[in-house]
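What follows is one structure encoded as C-alpha cells, with my remarks underneath.
Coordinate-derived values only; no laboratory data. Everything numeric here is computed off the predicted structure, so don't read it as measured data. A quick note on method: Cβ atoms are made from the backbone with ideal geometry, for glycine too, and the neighbour counts reach across all protein chains shown.
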Amino acid sequence: MRVQAVLLDIGGVLLDGDEPLPGARDALERLRAANLPFLLLTNTTRAARAALWARLDAAGLTVRQDQLLTPSVLAQAWLAREQHRPMLLVHPGLRADFATVDEAQPNAVVVGDAGDGFSYAALNAAFRLLMRGAPLLSLSGSRYFREGGELFMDAGPFVRLLEAAAGCEAVQMGKPGATFFHHAVECLGVPLASVRMIGDDVESDVRGAHEAGLQATLVQTGKYHAGDERRLPAGACMALNVLEAVERIVAGD
C-alpha cells in the first residue's frame, strides 16, 4: 500500500544526543515538500516533552509540538481515565510531564528510564505496590539506547524484572506496544496499513510497528548492529539512514 504518512523515531534516527544525524534535517524537509504528514514517536524518557521539543529545535529539526508524541502523554491520559495515582519510577528530567498528577498514596507504578533512580529500594517499593494489585505502566520496552557513541540500558529490562518478580504484565505506553502506534495513527487520520515507521531498533521500532499493522524501515544508524537485518519481519525495509528511507518513500519504493 502507498505510504500516506510517516512516523520517525528520534534517538539514533534524527538525533545523536543533541546533534542532528546526517540527513535528518533534509529528511524532514523532503516530507514537507512531498506533503506527507509525519509525527516523531519516541521512547525517550529522560527528558520532558517540552525539553525534548526544545532540543529538536536547537538542532535545527523544527517541528510543531503536536508532532511530537511521547509515552508520558498516553500515561497521563490513562492515569486520569482510570483514576490512579502513580509511584513514578522515572528520570528527574521527565517529572515535569507529571507535574499535575496526584502522587499521594500511589496505587499504580509508572516506569521510565530512571537512570540512577533504579536502586534496590525504589524497585522493591514498586514491587510491593504491584504485589498489592497496583497496575504497572511501562513508558518504554526498549532494552537500550545509544547516545554520544555509548550504549545505555533503557527501561525495558527493569520493567521485565518487575513483571517477573510480581507475576504481572505491564500496560505498554511506549514502543513496542501497539497502543502507542495506534494512537499515533489516529492522530494522523490515515489507514493503519498506509503508515511507515522509520527506526533504528529492530525490536521496538520495526517489529513493534509491524505487529501493530504498520509498514516499517530499519535504518543503519543509532543502535543498529550488523546482523539486525536477519531479524527483520517479512515486508520490512532497510536504509542507510533516515534521508535514504524518506527518499524511497517519496519515490514510491
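Take Y120, Y224 and order them by how many other Cβ atoms sit within 10 Å, fewest up front.
Y120, Y224
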Which of G23, G112, G156 ends up with the largest GNM mean-square fluctuation for the chain, with Cα atoms connected below 10 Å? G23
I want to check the label-to-label distance for S194 and L161. Put each point 7 Å from Cα in the C-beta direction and report it in nm to one decimal. 4.5 nm
With springs connecting C-alpha atoms under 10 Å apart, model the chain as a Gaussian network and identify which of L123, L39, L88 has the largest mean-square fluctuation. L123
Of all DSSP beta bridges having both residues in segment 35-155, the percent classed as antiparallel (nearest 5) is 30 percent
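How about segment 114-176: which GluC sites (Glu not before Pro) there are in a DSSP loop, with at most 15 other Cβ atoms within 10 Å of their Cβ?
Passing both the DSSP loop test and the Cβ count: E169.
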Treat each spin label as a single point 7 Å out from the Cα along the C-beta direction, and report the D57 to R248 distance in nm. 3.4 nm
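Please compute the contact order of the chain in relative form: average sequence separation of alpha-carbon pairs under 8 Å and at least six residues apart, divided by the residue count, as a percent.
Relative contact order for the chain comes out at 22 percent.
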Give me the distance between the Cα centres of segment 32-92 and segment 150-198, rounded to whole Å. 13 Å
Fewest first, what order do I249, I198 take by the number of other Cβ atoms within 10 Å? I249, I198
Take the alpha carbon gyration tensor of the chain, find the square roots of its eigenvalues, order them as a ≥ b ≥ c, and report rounded if a/c is under 1.5; if not, report prolate when a/b exceeds b/c, else oblate. prolate
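Using the number of other C-beta atoms within 10 angstrom as an exposure proxy, rank D200, D26, D66 with the fewest first. Don't skip to the answer; put the middle values down first.
On the way: D200 27, D26 14, D66 9.
Fewest-to-most ranking of D200, D26, D66: D66, D26, D200.
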Any chance you could run the full-extension gain for Y120 through C187? It's 0.36 nm times the residue separation minus the Cα-Cα distance, nm to one decimal. 20.3 nm
Expected max-MSF residue from P37, P71, P86 in the GNM of the chain (alpha carbon, under 10 Å) is P37
Considering only DSSP beta bridges whose two residues both sit in the chain, what percent are antiparallel, to the nearest 5? 20 percent
